[in-house]
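**Student:** What follows is a single structure, and I will ask about it in a moment.
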Amino acid sequence: MKRFSYICADPGIPLPGRKGASVHVASLCRAFYRHGLTGDIHTVRGECAELDGIPIRPISVLPRRKHKSLEDRENRLFLSRVESVIEKPDFIYERYSLWHPGGVYLARKLGVPFILEVNSPLPLETKRFRQMANESLADGISRLLMREADLVVCVSEEIAKWVISERLHSAGVVVVPNGVDELLFHPEVENRPATLPGPETKLIGFTSTFRPWHGTEQLLDTFQYLVKELKSSAHLVCIGDGPERLKFLDQANRAGLADRIHAPGKLHHLDVNNWLASCDVAVAPYPNLDDFWFSPLKIFEYFCCGLPVVASAAGQIHDLLAEDRGALIPVGDSKQMATSIHHFLENPQHAQDVGQRARQWVLENATWKIRAAEILEQIKALP
């Protein structure tokens, strides 16, 4: 294999971009290049002509009607097509999006394998958290893609179960969780952010898109207990932006914690390391979810920065924090989470040992280069 074409037709994923999904696309494509492949990225939301030397090509979408509607948006995305394949790839790799069946048609036209990556059961997620006008179209596209793909790459076991229910069999379904770019995330602070207090102040790191499933309510409860009951002088570093960020900061202000919270907002992915690596411990307070579909990108990044992690015992986090790579807390137990954070802050040598163990594990098992190798081996094994 020498060449790939990556398709990302989700209009909510800009490339390049600061969202976790944007990071995932860019990181995996860079990792393919590190394995000696070349290729291009086809996207609805290309923000520039190339990404680290990888060409970005636009996916053609029909113009909006004068009176735009949700149904019109869905139909335009359904009719979008990849038209700019300059050189025939050895495989088409598409990140599953709700309305785009074009990748499988292009693969069949070119006579190459179609690889589908699934990060979320989008019809279920959209019905639960957002809106859609044409549920039957979304469900139909889902079944088409799941059943026609030569290989389906799932980021978690929960996703794989859903894919198998759509595909009607488990052949060609593999689980490859998220990873981390070890060239971007490391324990060294190259330029400590000027707005942070000095190194004598203990810092708790948290990255988020501030959505309901990121556990910001529990985070605030945890931090409040840590400060007011355990008398900690630590500060909280909240990296990222999203629909619940202002609500979170307002609640922190009303709780009298505003002067202890540093919230730089959405950062360029290249700048995140300086903030994270300045911290002493990191936290992932996931709430009680009916389905824990996702592979938590933040935990891999915390690990790579050499940070001990305190996280809710949800989904695959059980496995990630095994072998003393952090502290698992019962979902929703803010007091226990605060106590574990406090323990790491008060025992810096133990925190350092746990963080180093986590970093070593992620370097040996979960870099994006390793994840790309796992995917490429599966593609090579296709009949």
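The values are calculated or read from the model by the stated rules, or taken from the named source; none is laboratory data. In this text, all values refer to a predicted model and were calculated from it rather than measured experimentally. Positions of Cβ are backbone-derived with ideal geometry, glycine not excepted, and every protein chain shown enters the neighbour counts.
**Student:** How about region 257-292: which of its residues are assigned to a strand (DSSP E or B) and touching a Lys or Arg at 6+ places or on another chain (Cβ under 9 Å)? Give the derivation first.
**Tutor:** Let us first name the residues in region 257-292 that are assigned to a strand (DSSP E or B), namely 261-265, 281-284.
Ala263, Gly265, Val281, Ala282, Ala284 - these are the residues of region 257-292 that are assigned to a strand (DSSP E or B) and touching a Lys or Arg at 6+ places or on another chain (Cβ under 9 Å).
**Student:** Still on this structure, I have one more. Evaluate region 157-167: report whether one residue or more is among the basic types (Lys, Arg), more than 24 Å from Asp90 (Cα to Cα) and either modelled with pLDDT of 95 or more or not in a strand (DSSP E or B) (or both).
**Tutor:** We begin by selecting, within region 157-167, every residue among the basic types (Lys, Arg); these are 161, 167.
This time we only want the ones that are more than 24 Å from Asp90 (Cα to Cα), so: 161.
When the remaining residues are screened for being either modelled with pLDDT of 95 or more or not in a strand (DSSP E or B) (or both), the result is 161.
Among the residues of region 157-167, at least one is among the basic types (Lys, Arg), more than 24 Å from Asp90 (Cα to Cα) and either modelled with pLDDT of 95 or more or not in a strand (DSSP E or B) (or both), which makes the answer yes.
Table: residues versus (1) hydrophobic (A, V, I, L, M, F, W, C); (2) under 28 Å from Ile239 (Cβ atoms); (3) assigned by TED's automatic domain parsing to the domain that holds Phe210.
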position: Gly20; (1), (2), (3): no, yes, no
position: Val23; (1), (2), (3): yes, yes, no
position: Leu28; (1), (2), (3): yes, yes, no
position: Thr38; (1), (2), (3): no, no, no
position: Val44; (1), (2), (3): yes, yes, no
position: Glu50; (1), (2), (3): no, yes, no
position: Ile56; (1), (2), (3): yes, yes, no
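**Student:** Right, something else. I need the helices (runs of 4 or more DSSP H) fully contained in region 1-115, keeping only those with at least 1 residues that are modelled with pLDDT of 90 or more and under 22 Å from Thr367 (Cβ atoms).
**Tutor:** 20-34
**Student:** Going through Lys298, Lys266, Lys335 one at a time, which residue ends up being out of contact with any Cys (no Cβ under 9 Å at 6 or more places or on another chain) and at pLDDT 95 or above? I'd like the intermediate steps shown before the answer.
**Tutor:** Working: Lys298 fails: at pLDDT 95 or above; Lys266 fails: at pLDDT 95 or above.
Sole residue among the options that is out of contact with any Cys (no Cβ under 9 Å at 6 or more places or on another chain) and at pLDDT 95 or above: Lys335.
**Student:** Which one is modelled with the highest pLDDT, of the residues in region 194-216 that are surrounded by fewer than 17 Cβ atoms within 10 Å (Cβ to Cβ) and more than 22 Å from Val23 (Cα to Cα)?
**Tutor:** Taking the candidates together, the pick is Thr201.
**Student:** Right, here's the next one. Filter region 139-155 for residues that are free of Cβ contacts under 8 Å to residues at least 60 places away in the same chain, part of a helix (DSSP H, G or I) and not charged (D, E, K, R) and give the result. Before the answer, list the steps.
**Tutor:** Of the residues in region 139-155, the ones free of Cβ contacts under 8 Å to residues at least 60 places away in the same chain are 139-140, 142-149, 152, 154.
Those left that are additionally part of a helix (DSSP H, G or I): 139-140, 142-148.
Within region 139-155, Gly140, Ser142, Leu144, Leu145, Met146 qualify.
**Student:** Can I ask one more? For region 208-215, check the following and say yes or no: at least one residue is within 30 Å of Ala263 (Cα to Cα), free of Cβ contacts under 8 Å to residues at least 40 places away in the same chain and not basic (Lys, Arg).
**Tutor:** yes
**Student:** Is it fair to say Ser233 is in a loop (DSSP other than H, G, I, E, B), in the same structural domain as His350 (by TED's automatic domain parsing) and surrounded by fewer than 22 Cβ atoms within 10 Å (Cβ to Cβ)? Before the answer, list the steps.
**Tutor:** Details: in a loop (DSSP other than H, G, I, E, B): yes; in the same structural domain as His350 (by TED's automatic domain parsing): yes; surrounded by fewer than 22 Cβ atoms within 10 Å (Cβ to Cβ): yes.
Spelling it out, Ser233 is indeed in a loop (DSSP other than H, G, I, E, B), in the same structural domain as His350 (by TED's automatic domain parsing) and surrounded by fewer than 22 Cβ atoms within 10 Å (Cβ to Cβ).
**Student:** For region 105-123, which residues satisfy the criterion of being farther than 16 Å from Ile7 by Cα and surrounded by fewer than 14 Cβ atoms within 10 Å (Cβ to Cβ)?
**Tutor:** Hit for region 105-123 is Gly111, nothing else.
**Student:** Can you spot a residue in region 376-383 that is part of a helix (DSSP H, G or I) and loosely packed, with under 14 Cβ neighbours inside 10 Å?
**Tutor:** Taking region 376-383 and keeping what is part of a helix (DSSP H, G or I), we get 376-380.
Filter once more, keeping what is loosely packed, with under 14 Cβ neighbours inside 10 Å: 377, 380.
So far as region 376-383 goes, yes, one or more of its residues are part of a helix (DSSP H, G or I) and loosely packed, with under 14 Cβ neighbours inside 10 Å.
**Student:** Just give me the residues in region 293-326 being surrounded by fewer than 22 Cβ atoms within 10 Å (Cβ to Cβ) and under 15 Å from Phe206 (Cα atoms), in sequence order.
**Tutor:** Passing the criteria: only Leu297.
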